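Asker: Before I ask anything, here is the structure I am working with.
The values are calculated or read from the model by the stated rules, or taken from the named source; none is laboratory data. Note that the coordinates shown come from a computational prediction; the quantities given were computed from them, not determined experimentally. Positions of Cβ are backbone-derived with ideal geometry, glycine not excepted, and every protein chain shown enters the neighbour counts.
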Amino acid sequence: MSGLLTAELRRRLPPLYATEGKTDTIVQAKFITPWTYWTWYAIEFDGEDTFFGLVDGHELEMGYFSLKELESIRGPAGLRIERDQHFEPMPLKRLRESVELRRDPPLTERDRQR
């Protein structure tokens with residue numbers, strides 16, 4: 001069993017396409033690169049290798065990503081992708097709003113006056 005995907009998390013993740021068309025989709029896990037800004041948020045899992053979720057990288061987009069690829073990535077000094085063990089499942093809409101604010105902060109009053 002992967003350190004990224006515990007048995008408990010595996011049970012919580014719905015199968016691929018199970019949340020398609022639903023408005024109350026819940027993000028179940030967050031995977032991070034300690035040496036970059038890339039982050040993957042898992043919503044569904046095929047039970048083998050493929051996740052579906054929100055990917056925060058060069059762009060912010062919904063897509064598929066591979067457990068095997070996450071496990072194989074190595075950064076400086078051998079750093080690896082990690083699962084954020086403090087991440088609490090939350091609605092996709094709320095998470096996306098939070099990530100979008102972080103990526104593109106709103107203008108402050110001072111910025112507007114320039």
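Asker: If the Cβ limit is 8 Å and pairs must be 6+ apart or interchain, which residue in region 38-51 that is polar (S, T, N, Q) pairs with which residue that is part of a strand (DSSP E or B)?
Answerer: If the second residue must be part of a strand (DSSP E or B), the pairs left are THR39/LYS30; THR39/PHE31; THR39/ILE32; THR39/VAL55; THR39/ASP56; THR50/TYR64; THR50/PHE65; THR50/SER66.
Asker: Output the residues belonging to region 10-20 that are assigned to a helix (DSSP H, G or I) and either without any contact (Cβ under 8 Å) to a residue 40 or more places away in the chain or more than 20 Å from LEU92 (Cβ to Cβ) (or both).
Answerer: Selection gives ARG10, ARG11.
Asker: Additional query: Tell me which residues, restricted to region 57-75, are touching a Phe, Trp or Tyr at 6+ places or on another chain (Cβ under 8 Å) and at pLDDT 95 or above.
Answerer: Result: MET62, GLY63, TYR64, PHE65, SER66, LEU67, LEU70, GLY75.
Asker: Counting just the residues of region 32-65 that are more than 20 Å from GLU97 (Cβ to Cβ) and under 12 Å from the mean Cα position of the chain (by Cα), which one comes out surrounded by the fewest Cβ atoms within 10 Å (Cβ to Cβ)?
Answerer: Residue satisfying both the conditions and the ranking: TYR64.
Asker: Can I ask one more? Output the residues belonging to region 92-107 that are out of contact with any strand residue (DSSP E or B) (no Cβ under 7 Å at 6 or more places or on another chain) and at pLDDT 60 or above. First the steps, then the outcome.
Answerer: In the first step, residues of region 92-107 are kept if they are out of contact with any strand residue (DSSP E or B) (no Cβ under 7 Å at 6 or more places or on another chain); the result is 93-94, 97-98, 101-102, 104-107.
LYS93, ARG94, GLU97, SER98, LEU101, ARG102, ASP104, PRO105, listed by residue number.
Asker: Also: Go through region 87-104 and give me each residue that's part of a helix (DSSP H, G or I) and either among the acidic types (Asp, Glu) or in contact with an Asp or Glu (Cβ under 8 Å, 6 or more places away or on another chain) (or both).
Answerer: Matches in region 87-104: GLU97, VAL99, GLU100, ARG103.
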